[in-house]
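Each remark here refers to the structure printed beneath this line.
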Amino acid sequence: MSQEFLARILEQKAREVEQMELEEIQPLRQTYRLADYLKQHQDRLQVIAEVKKASPSLGDINLDVDIVQQAQTYEANGAVMISVLTDEVFFKGHLDYLREISSQVNIPTLNKDFIIDEKQIIRARNAGATVILLIVATLSEERLKELYDYATELGLEVLVETHNLAELEVAHRLGAQIIGVNNRNLTTFEVDLQTSVDLSQHFKEGRYYISESAIFTGQDAERVAPYFNGILVGTALMQAEDVAQRIKELQIDKG
């Protein structure tokens, strides 16, 4: 996979947005604020647990999963938030998955998608998301700020995803509170946990950092635990025979 593949995803998103209706804004689902929770629980590496059936890099992961049961298992075993893939074409997700899960859990839900337009933000909020993802690599800095400001005006929190130092600096300039470091290179789709370790040297006080991708075991989690407030884990949990046990292994006690 390459830069062309990311461009293909964004072209598809542009087509979807063009056909998307502008929804009326519905009341925001009530739950705790993710940033507040991360601030108050810094003694443990928190797990954002993801529901995804497939991905471009792996193909089908778990097509037969009961998405609500999976999400409720995450919640019951200490997940701080549920991440829900809503991209249909590349990840076999659906907005209905976000709607169903958000109505059946009490913790925050993240709309995991390639968001490039305000219409998607309204749609996410109306489907029950309390947090959205904005990916620095997919937006100009000006457009990123517009979407970030719009989401926060709607009462949503934003996970701003980065992959390298230049993108991390963009997130810092934006004033982002919750910043993700994706260990997956979106142009090559290769993963390297060292990305998180390296970028952690440039973190700032008063922000909350999430390491995303390439985390499968407790050992992986321990590697990033000294530097991060949380981890976002999808594939390892979707493939686990014992989901409850796996999610507990990833919640590293920092004492």
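The values are calculated or read from the model by the stated rules, or taken from the named source; none is laboratory data. The structure displayed is predicted, hence computed values, not measured ones. We place every Cβ from the backbone using ideal geometry, glycine too, and count neighbours over all the protein chains shown.
Details
- Residue that is nearest to Asn77 (Cα to Cα) [pool: residues in segment 209-227 that are of a type in the set (Val, Ile, Thr) and more than 11 Å from the chain's Cα centre (by Cα)]: Thr217
- Close pairs (8 angstrom Cβ cut-off, 6 or more residues apart or separate chains): within 14 Å of Ala79 (Cα to Cα) in segment 228-252, part of a helix (DSSP H, G or I) and β-branched (Val, Ile, Thr) anywhere: Ile231/Val224; Val233/Ile247; Leu237/Val243; Leu237/Ile247; Val243/Thr73; Ala244/Thr73; Ile247/Thr73
- Per the conditions (1) in a loop (DSSP other than H, G, I, E, B); (2) of a type in the set (Gly, Ala, Ser); (3) crowded, with 21+ Cβ neighbours inside 10 Å, the sole criterion not satisfied by Ala171 is (1).
- Candidates Glu18, Glu23: the one that is under 20 Å from Tyr97 (Cα atoms) and at pLDDT 95 or above is Glu23.
- Near pairs, Cβ below 8 angstrom, 6+ apart or cross-chain, from segment 144-166 (free of Cβ contacts under 8 Å to residues at least 24 places away in the same chain) to any residue that is β-branched (Val, Ile, Thr): Thr152/Val158
- Residues (among the charged types (D, E, K, R), closer than 25 Å to Ala151 by Cα and crowded, with 16+ Cβ neighbours inside 10 Å) located in segment 39-57: Glu50, Lys52
- Within segment 204-220, residues that are under 17 Å from Lys254 (Cβ atoms) have Cβ atoms under 6 Å from residues that are among the hydroxyl-bearing types (Ser, Thr, Tyr) in these pairs: Ser211/Ser196, counting only partners at least 6 apart in sequence or on another chain.
- Unique residue being in contact with an Asp or Glu (Cβ under 7 Å, 6 or more places away or on another chain), within 22 Å of Ala236 (Cβ to Cβ) and of a type in the set (A, V, I, L, M) when the list is Leu34, Leu45, Leu110: Leu34
- Within segment 3-38, the set of residues being within 22 Å of Ile215 (Cα to Cα) and either among the aromatic types (Phe, Trp, Tyr) or surrounded by fewer than 15 Cβ atoms within 10 Å (Cβ to Cβ) (or both) comprises just one member, Tyr37.
- Scanning segment 199-217 for residues that are crowded, with 17+ Cβ neighbours inside 10 Å and of a type in the set (Gly, Ala, Ser) turns up Ser211, Ser213, Ala214.
- Which numbered condition Ser200 misses (of (1) in contact with a Leu (Cβ under 9 Å, 6 or more places away or on another chain); (2) assigned to a helix (DSSP H, G or I)): (1)
- Filtered by the rule that a residue be touching a strand residue (DSSP E or B) at 6+ places or on another chain (Cβ under 8 Å) and aliphatic (A, V, I, L, M), segment 194-211 gives Leu199, Ile210.
- Listed by position, the helices (runs of 4 or more DSSP H) enclosed by segment 38-148 that each have at least 3 residues that are under 18 Å from the mean Cα position of the chain (by Cα) and either within 30 Å of Asp253 (Cβ to Cβ) or at pLDDT below 95 (or both) are 67-76.
- Residues in segment 1-31 that are in a helix (DSSP H, G or I) and either out of contact with any helix residue (DSSP H, G or I) (no Cβ under 7 Å at 6 or more places or on another chain) or under 27 Å from Gln239 (Cβ atoms) (or both): 15 in all.
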